[in-house]
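J.: Just passing along the structure, written as structure tokens.
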Amino acid sequence: MRCSFKTFSLAMAGALAVLALPAAHAAATLAGFASMPADTFAPGPTSGQFASSANGRSLPLVDKQPVQGFSAVLPGPVAGTFLVMPDNGFGAKTNSPDTLLRLYAVQPDFRSWGGKGLTGSGTVLPVDRETGDKLTAFDKRSYVTLNDADHRLGFPIVAEGAFYPYAGSGPGSADIPVDDAITKRRLLTGADLDIESVRVDRRGHLWFGDELGPFLLQTNAKGKVLRAEVPMPGVQSPDNPHLNGATPNLGRSRGFEGMAIDAAGQHLFTLLEGTVTGDPAGSLRINRFDIRAGAYTGQQWLYKLAPQGTNIGDMTAVNEHQFLVIERNGTEMPRFKRIYLIDLNVVDADGFVSKTEVVDLMDVADPHDLNQDGQTSFTFPFVTIEDVLVLDAHTLLVINDNNYPGSSRVDGEPDPTEFLRLSLDVALPVDDETPLR
């Protein structure tokens, strides 16, 4: 996994602090478009035995795992490639015990305007996770699967049981044996953790943000868990395995949807998706975590949802104190899907960080009709949009989570996964030495 870890210049950070985007959002143009079909699969144990069929797609997927539901993105092994992370599978702890937690390496062949015409196929290709070489299909070279081979986690996992912990939907399937591959390799599933964010530290270790605890999870570059899960002090969801009769104070599936890392690869910034009981309405906690100390620092900020916003989708660093956050609603009309720049150094009297709109994803220029819908304007109305990566000061990568097979913009068809390369007409305050991870 190729990453550079140069230390961010504090002098440069001070200079960048004076830069700000205007109050109105900057104009965004669709500069590249690629789409991955909903029915994209990889080898693995049979999945979907506990989920519902939808949109003309019948479950389970025999000897297959869905390459779907991307909730985080990292730079890949070579330029133009990316590591994308599905979440827990089919959306809930109870319907995903047979879905593996993975990262997939991909290369979008963006359809773009070449000056004289369109270039690129608009497809998304699997690549080797180590070399970036193109592959003809997703196989074991293209993905990393999370595992607890060294028994580090402090709670029982699916791999330790003889049967999956929930009843299946097939005929006579009250007890379904756990797949041998899961048992023997202690592979982690969507009933163990609901991973929604991932970052790489200075040692090349992966840190995942989970929603069931919420927990932080550390693995090596190959996905092996290195230490016990790290809880968030004073915060527990209803799915926390250590609840022990305590009253949860965070809603189900409202954990670490967003998580950023600093330029030195030493501190994580975790952003909850839900409001902790007792906090101001519509507020989401941001906490700083010291990777070397293995503990939260006690520093905390509050993010304020817009009146139309119901959830955040991702958080990624722009520089040492400014971050991008995706904010959205669900299926409510009008659709609300936006990206904001927040600044931890600018906080109001109530403790809320400043936020400035960067992109309205429902109002993107598409002068060359890159998605080929016959329009010169582009909207991104998917229910969940959970991936943003800064490619350079003027360019963002944005990807949706398609919630396979349940979400559908077209009746009877599950949503595809779309990769957008967005060009901004106002530069973000990105330092050239800040690693993008």
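The values are calculated or read from the model by the stated rules, or taken from the named source; none is laboratory data. Computed from a predicted structure; not experimentally measured. With ideal geometry, Cβ positions are generated from the backbone for all residues, glycine too; neighbour counts draw on all protein chains shown.
J.: For the stretch 307-333, enumerate the residues that are within 21 Å of the chain's Cα centre (by Cα), over 21 Å from residue 407 (Cα atoms) and outside any strand (DSSP E or B).
T.: 318, 319, 320, 321
J.: Considering (1) surrounded by fewer than 24 Cβ atoms within 10 Å (Cβ to Cβ); (2) in contact with a helix residue (DSSP H, G or I) (Cβ under 8 Å, 6 or more places away or on another chain), say which one residue 78 fails and leave the rest.
T.: Unmet for residue 78, out of (1) surrounded by fewer than 24 Cβ atoms within 10 Å (Cβ to Cβ); (2) in contact with a helix residue (DSSP H, G or I) (Cβ under 8 Å, 6 or more places away or on another chain): (2).
J.: Okay, next question. How about the stretch 43-61: which of its residues are more than 14 Å from residue 91 (Cα to Cα), surrounded by 22 or more Cβ atoms within 10 Å (Cβ to Cβ) and small (Gly, Ala, Ser)?
T.: Across the stretch 43-61, the qualifying residue is only 44.
J.: For the structure I just gave you, tell me whether residue 193 is touching a residue at least 60 places away in the same chain (Cβ under 8 Å), in a loop (DSSP other than H, G, I, E, B), crowded, with 20+ Cβ neighbours inside 10 Å and in contact with a strand residue (DSSP E or B) (Cβ under 6 Å, 6 or more places away or on another chain).
T.: Details: touching a residue at least 60 places away in the same chain (Cβ under 8 Å): yes; in a loop (DSSP other than H, G, I, E, B): yes; crowded, with 20+ Cβ neighbours inside 10 Å: yes; in contact with a strand residue (DSSP E or B) (Cβ under 6 Å, 6 or more places away or on another chain): yes.
Answer is yes for this residue.
J.: Quick one: which residue in 353, 358, 388, 383 is within 30 Å of residue 408 (Cβ to Cβ), surrounded by 18 or more Cβ atoms within 10 Å (Cβ to Cβ) and over 17 Å from the mean Cα position of the chain (by Cα)?
T.: From the options 353, 358, 388, 383, the qualifying one is 358.
J.: How many residues does the stretch 293-310 hold that are touching an Asp or Glu at 6+ places or on another chain (Cβ under 9 Å) and closer than 19 Å to residue 208 by Cβ?
T.: Of the residues in the stretch 293-310, 1 are touching an Asp or Glu at 6+ places or on another chain (Cβ under 9 Å) and closer than 19 Å to residue 208 by Cβ.
J.: Right, here's the next one. Being in contact with a Ser or Thr (Cβ under 6 Å, 6 or more places away or on another chain), surrounded by fewer than 18 Cβ atoms within 10 Å (Cβ to Cβ), at pLDDT 95 or above and assigned to a strand (DSSP E or B) is the requirement here; does residue 346 meet it?
T.: yes
J.: Tally time: how many residues in the stretch 402-425 are more than 23 Å from residue 80 (Cα to Cα) and part of a loop (DSSP other than H, G, I, E, B)?
T.: 11
J.: For the stretch 26-40, name all the residues that are part of a loop (DSSP other than H, G, I, E, B) and either under 22 Å from the mean Cα position of the chain (by Cα) or within 12 Å of residue 398 (Cα to Cα) (or both). Even if it seems obvious, please write down each step before you answer.
T.: Here is the first cut: in the stretch 26-40, the residues part of a loop (DSSP other than H, G, I, E, B) are 26-27, 37-40.
Answer for the stretch 26-40, where residues must be part of a loop (DSSP other than H, G, I, E, B) and either under 22 Å from the mean Cα position of the chain (by Cα) or within 12 Å of residue 398 (Cα to Cα) (or both): 37, 38, 39, 40.
J.: Any residue at all in the stretch 284-291 that's assigned to a loop (DSSP other than H, G, I, E, B) and touching a residue at least 24 places away in the same chain (Cβ under 8 Å)? Let's see the steps before the verdict.
T.: Step one: filter the stretch 284-291 for residues assigned to a loop (DSSP other than H, G, I, E, B), giving 291.
Those left that are additionally touching a residue at least 24 places away in the same chain (Cβ under 8 Å): 291.
Yes, the stretch 284-291 has at least one match.
J.: What about residue 258, is it at pLDDT 95 or above, under 19 Å from residue 313 (Cβ atoms) and in a strand (DSSP E or B)?
T.: Details: at pLDDT 95 or above: yes; under 19 Å from residue 313 (Cβ atoms): yes; in a strand (DSSP E or B): yes.
So residue 258 fits the description; yes.
J.: I'd like the full set of residues that are under 20 Å from the mean Cα position of the chain (by Cα) and part of a loop (DSSP other than H, G, I, E, B), limited to the stretch 126-153.
T.: 129, 138, 142, 146
J.: Also, quick follow-up: Tell me, please, whether a residue that is surrounded by fewer than 21 Cβ atoms within 10 Å (Cβ to Cβ) and within 23 Å of residue 42 (Cβ to Cβ) can be found in the stretch 201-214.
T.: no
J.: Suppose the filter is out of contact with any strand residue (DSSP E or B) (no Cβ under 8 Å at 6 or more places or on another chain), surrounded by fewer than 22 Cβ atoms within 10 Å (Cβ to Cβ), at positive phi and not polar (S, T, N, Q); does residue 278 pass it?
T.: Answer is yes for this residue.
J.: If I filter the stretch 100-125 down to residues being in a strand (DSSP E or B) and of a type in the set (A, V, I, L, M, F, W, C), which single residue comes out as farthest from residue 419 (Cα to Cα)?
T.: Only one residue tops the list, namely 100.
J.: Right, residue 312: touching a residue at least 60 places away in the same chain (Cβ under 8 Å) and either out of contact with any Cys (no Cβ under 7 Å at 6 or more places or on another chain) or more than 26 Å from residue 217 (Cα to Cα) (or both) or not? Spell out how you get there, then give the answer.
T.: On the way: touching a residue at least 60 places away in the same chain (Cβ under 8 Å): no; either out of contact with any Cys (no Cβ under 7 Å at 6 or more places or on another chain) or more than 26 Å from residue 217 (Cα to Cα) (or both): yes.
When the stated conditions are applied, residue 312 does not pass them.
J.: May I ask you to list pairs of residues, at least six apart or on different chains, whose Cβ atoms are under 6 Å apart, with the first in the stretch 82-104 being within 15 Å of residue 213 (Cα to Cα) and the second being charged (D, E, K, R) and surrounded by fewer than 24 Cβ atoms within 10 Å (Cβ to Cβ)?
T.: 93/239
J.: Output the qualifying pairs, or none if there are none: Cβ atoms under 8 angstrom, residues six or more apart or on different chains, first residue in the stretch 344-365 and over 25 Å from residue 423 (Cα atoms), second residue surrounded by fewer than 16 Cβ atoms within 10 Å (Cβ to Cβ).
T.: 350/280; 353/346; 353/347
J.: Would you say residue 347 is aliphatic (A, V, I, L, M) and farther than 19 Å from residue 401 by Cα?
T.: So residue 347 passes the test.
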